[in-house]
1. So what is Rg over Rh here for region 538-685, counting just Cα atoms and using Kirkwood for Rh?
2. When only C-alpha pairs under 8 Å and at least 6 residues apart count, what is the relative contact order of region 362-473, in percent?
3. Normalised by the number of residues in region 39-109, what is the relative contact order in percent for Cα pairs under 8 Å and 6+ residues apart?
4. If you average the sequence gap of Cα pairs under 8 Å that are 6 or more apart and divide by the length of region 603-646, what percent do you get for the contact order?
5. Per residue of region 82-92, in order, report the coupling 6.51 cos²θ - 1.76 cosθ + 1.60 (Karplus, θ = phi - 60°) as ³J(HN,Hα) in whole Hz, putting x for Gly and Pro.
6. Assuming a ≥ b ≥ c are the square roots of the Cα gyration tensor eigenvalues, decide whether region 467-507 counts as rounded (a/c under 1.5), prolate (otherwise, with a/b larger than b/c) or oblate.
7. Quick one: which residues, 5+ away or cross-chain, put their amide H under 5 Å from the amide H of THR594? H built at 1.01 Å from N.
8. Tell me, what ³J(HN,Hα) does each residue in region 295-312 have, in order and in whole Hz, if you take phi through Karplus 6.51 cos²θ - 1.76 cosθ + 1.60 with θ = phi - 60° and put x for Gly and Pro?
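None of the figures in this text is laboratory data; all of them are computed from the coordinates on show. Just so we're clear, the structure is a prediction, and the values are computed from it rather than from any experiment. As a convention, Cβ positions derive from the backbone with ideal geometry for all residues, glycine included, and neighbour counts pool all protein chains shown.
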Amino acid sequence: MNKHLSHSVFGLALATLAAALTCIAAPASAAVPTTAAIEGALTSVGGGPVADGTYPLTFSLLDAAAGNAIWTEGPSNIVVKGGAFAYTLGSKTPLTAALLTGDRWLQVQVATDTPLPTVQARSVLLALRAAVAEGLECSGCIKAGHLDPALLQGYAKSADLAAYAKASDLSGYVKTGDLGDYVKAAALATVAASGDYKDLKNAPVFATVAKSGSYVDLLDQPILAKVGTSCGSGLVVKGIKADGSLECVAGGVSAATLPADGLNEISNNLLSTEFAEVASSTAAPLAIADNLPAGIADAITVPDFGTAQSLTVSIDISNSDISKVRVTLYDPSGAAYKLYDQGATGTALVATYPAPTKTVTGDLTAWVGKNPKGTWSINVADLAAATGSPKTDGSLNAWSITVNTLSSKKVSVSGALVMTPASTAPIACQPSTMGAMYFDKVSKTLRYCDGSIWKTLADSCGNGILDANEECDDGNNANGDGCSSTCIASLGISKNKPGATCVDIQKGWTTDGVVAKDGLYWVKAPKGQVFQAYCDMTSDGGGYTYLPIDAGKATSKVTDDNTCKDYGWDLIYPRTKTQWTAVLAKYGTSYFSTIPGVYRDSGTGSYTGCIMRDPKAYGSGCADWKVPDGGKWWLRDSTYSEPNGDYTNGCWLSMYGWDPANIQFNDGGCGSSTSKYVCAPNDKQ
């Protein structure tokens with residue numbers, strides 16, 4: 001049976017082979033695969049596929065279409081199905097890059113049949129040849145044999161390079177030859193051949209140090225600390241001296257390193273221990289007699305102010321002629337300092353020593369750093385001869401000693417001393433903490449420890465605690481609220497400053513320029529009791545005074561006793577509709593089971609035809625009814641079905657309607673009794 005190899009299909013197989021070969025890398029024997037997969041198809045003479053089965057195939061590579069075989073593999077038994085087959089070339093006899101140099105043709109032979117027509121291998125297959133290039137890793141691997149001498153003709157002497165162009169190693173030439181002979185001067189700068197900095201054109205000028213690299217060549221070089229030196233334990237570097245050595249001081253900040261008078265500097269001038277203490281004469285002025293060489297004397301005792309930073313003595317002397325006056329000062333040790341000894345003219349000597357006026361003898365600056373406590377004395381003598389009878393025409397007006405000290409006993413504060421408020425004492429008050437202070441945010445005052453308990457400073461106005469020296473303390477320092485910023489009470493605010501009634505209190509507040517508000521105020525009743533009553537400072541212009549009684553003496557008529565009379569007051573007298581509205585809103589209906597204060601003491605009959613109110617005050621009403629003080633009263637603004645004729649004179653009307661617009665009551669007998677009522681002085685008309 002004749003068989004044919006499908007050229008088109010095999011061509012694709014060859015392309016596949018070529019593609020595989022392009023992946024081969026150097027060295028070919030290791031990095032590049034030595035096999036290539038191909039596919040093909042066998043057909044019968046009639047054009048159909050050969051019968052399925054196993055066929056022995058032999059593959060050969062030829063150097064020409066009808067040339068010699070340079071590589072052969074097979075026969076290999078290959079399964080053919082549907083005419084198609086696949087095979088890996090080189091699986092028995094490996095392929096090499098050398099086999100693919102030049103044009104190549106692939107030939108297939110089935111068994112011992114005549115070989116099938118050859119198919120030319122395509123360029124992709126020849127990519128296997130690229131494996132050779134993988135042996136070249138860099139340009140340095142180019143050997144002399146790779147160079148074409150003609151390429152160097154423009155730059156090198158061909159006669160000298162000919163031998164090296166063919167040599168495999170040019171390193172020898174580098175050692176023996178001078179490439180400078182082969183450089184074209186017109187094309188390359190001198191420095192390209194010499195490599196010397198001096199051959200650069202327009203070379204920049206460098207400082208000497210850039211060439212030498214030596215520190216000594218630096219201009220204006222800084223002074224550095226000497227190498228290997230240190231300040232030692234506890235010392236730090238303050239600076240560097242001119243010779244490069246370190247200037248060392250005690251390390252860190254401590255009391256020893258701070259100046260004794262430096263508290264003001266480190267506290268932004270808010271704190272200071274520097275004081276100007278002055279001790280003055282208590283005897284001056286003293287008269288100075290003429291022609292009295294012994295002079296007059298005076299003394300000042302200087303307390304223990306502390307160590308003096310400076311000491312000055314000031315004098316103020318008047319005399320008819322100071323040119324004859326001598327002034328001598330004596331310190332506690334008896335040393336003398338002549339402050340002034342005649343000479344000047346005029347009638348007054350006012351000076352301070354030793355600055356700005358210098359002493360005649362003695363050095364007062366010697367007291368700096370010492371404690372000048374003790375007795376200092378002065379002697380003033382007028383050496384002028386008296387004319388006529390002795391006279392006194394001079395005076396030591398004043399003199400004093402000022403000691404500027406650095407105190408170890410006190411600190412001055414030039415600003416506010418702010419303490420963080422605390423709800424409780426930050427430390428325990430005990431003998432060891434005596435004198436400690438803190439600001440109490442609860443009482444809003446300063447407290448100090450007396451060695452056992454925390455006490456409030458006496459000046460504690462505004463802390464809400466009524467101290468002995470305060471009339472009131474409402475917990476603030478505001479004016480206009482009845483208790484002034486200095487804790488002076490308006491009338492009625494303090495138990496120690498009660499008013500007689502709310503009318504009295506309101507007048508007092510008005511005098512103080514303050515508007516009184518509704519509330520509790522201290523009052524003193526006619527019988528002497530001091531207590532807090534409620535003041536209605538709004539209704540009818542204000543001034544109503546009320547004291548509620550919950551369980552007082554029972555009363556059913558005007559002649560009965562009641563608890564209000566124990567104070568010198570009486571049951572409330574209802575004056576106006578406005579008052580009724582306010583008092584009912586304040587105390588409710590339980591205090592008014594009866595109409596208080598309104599009664600009739602004579603006569604009979606029904607009063608349903610008149611309006612139950614004071615006709616004198618309201619223009620019409622029931623003239624037979626009244627209140628005990630004869631003042632105005634009010635129950636309604638319209639007639640009502642009561643009292644209807646069964647009223648008992650002097651008794652209270654029972655009350656059962658508490659709407660101020662329609663107060664309702666009953667006059668039946670005298671059976672209405674109450675022990676719960678509101679007392680009032682009833683001075684508000």
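1. Rounded to two decimals, Rg/Rh equals 0.92.
2. 13
3. Relative contact order comes out at 39 percent.
4. Across region 603-646, relative contact order equals 50 percent.
5. Those phi angles translate into x, x, 8, 8, 9, 7, 10, 5, x, 5, 10 Hz.
6. oblate
7. Answer set, sorted by chain and number: MET655.
8. Each residue of region 295-312 in turn: x, 10, 10, 8, 9, 10, 9, 8, x, 7, 6, x, 6, 7, 8, 7, 9, 10 Hz.
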